[in-house]
Amino acid sequence: PMAASSFKLATAVSTGPASNLSSTRGSNHSDQYQRLLSNRILRCIERIILIGGALDTEALVLEGGKWVWRFTVALTVLDAGGNILDACVLAAMAALRHYRKPQVDLSSGETSSEDFDPNAASLPSMIPSTVKEATPLPLHHTPLSISFGLIPADDAVNSASSTSIVAALIDPTDREELVQSGSLTIAMNVHSEVCLLDYGGGCELTPDKLRECWRVAEIAIKDLCQLLESTLTKADDQAQKERLRLLQLQRLASNHAFG
């Protein structure tokens with residue numbers, strides 16, 4: 001918790017040398033490309049989580065005008081094989097879904113009437129999960145993203161038509177990203193509610209092609225959501241078993257102390 005009047009979300013993306021971006025893009029403009037890519041990922045994640053209404057920010061205010069939760073989502077790219085944006089969105093949503101927020105005691109910092117200072121706010125204290133079970137974050141839904149690499153078709157080069165034919169490659173690899181002229185990212189939840197539409201330009205995209213990409217993204221995101229839900233169920237079961245084991249060890253330790 002931190003002293004503020006509204007919920008704070010900080011995101012950070014690290015695309016260091018280990019991500020192999022310099023080997024595919026060249027070392028000359030690697031740093032500039034990494035900064036642009038990181039900024040785009042941060043912008044999209046904030047739009048999906050906050051503007052897209054995935055997270056209930058009002059529920060994360062502990063005390064109006066005094067204390068709110070502040071979360072930091074740190075993403076590190078270990079291997080850049082292409083389409084880093086979708087991987088980061090999936091990782092961020094999985095982390096937010098799996099995280100358990102500890103209970104907070106706001107009365108621990110109360111002082112006596114003699115020492116009361118109206119300008120000083122009482123400091124909240126974290127309650128250990130072994131004392132009071134932590135709770136999930138107030139997420140309304142779980143949006144995920146699907147990106148397309150837009151490449152003008154070869155037969156459109158000599159076409160006399162004013163409308164170019166564009167091929168949309170779903171989940172482009174790093175080599176496909178080198179030759180793409182533009183990109184399109186669509187984020188939605190399992191109910192097909194669109195939370196983000198990020199079109200960077202670079203080539204013409206007709207309404208029919210956009211609808212086609214939307215239909216493909218809808219099917220792919222539903223499959224991703226099912227995979228994420230099954231993975232989160234396994235992770236939550238494992239975390240619950242670990243919590244029970246720690247409680248048993250704590251109970252045994254207390255019994256030996258009083259025995």
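Table for the structure above
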quantity: Qualifying lysines (Cα of each under 24 Å from Cα of Lys66; at least 8 residues distant if same chain); calculated: Lys8, Lys101, Lys132
quantity: Inter-site label distance for Ile170 and Tyr33 at 7 Å from Cα along Cβ, in nm; calculated: 2.6
quantity: Length released on extending from Ser125 to Arg211, taking residue separation times 0.36 nm less the Cα-Cα span; calculated: 25.9 nm
quantity: Peptides ranked, highest mean first, by Cβ atoms within 10 Å: ranges 33-44, 243-254, 208-219; calculated: 33-44, 208-219, 243-254
quantity: Simple spin-label estimate for Asp79 and Arg245 in nanometres, 7 Å along Cα-Cβ; calculated: 2.8
quantity: Estimated FRET transfer efficiency (Gln226, Thr57; beta-carbon r; R0 30 Å; 0.05); calculated: 0.65
quantity: Added length on full extension, which subtracts the Cα-Cα distance from 0.36 nm per residue, Ala134 to Ala12; calculated: 41.4 nm
quantity: Arg43 versus Asp237: modelled label distance in nm, points set 7 Å from Cα along the beta carbon direction; calculated: 4.2
quantity: Solvent-accessible heavy-atom area per residue, rounded to whole Å², over the range 197-251 at 1.4 Å; calculated: 70
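The values are calculated or read from the model by the stated rules, or taken from the named source; none is laboratory data. Note that the coordinates shown come from a computational prediction; the quantities given were computed from them, not determined experimentally. Cβ: placed from backbone, ideal geometry, glycine included. Neighbour counts: every protein chain shown. With ligands, DNA and RNA removed, areas are computed over all heavy atoms of the protein, side chains included. Shrake-Rupley method; radii C 1.70, N 1.55, O 1.52, S 1.80 Å.
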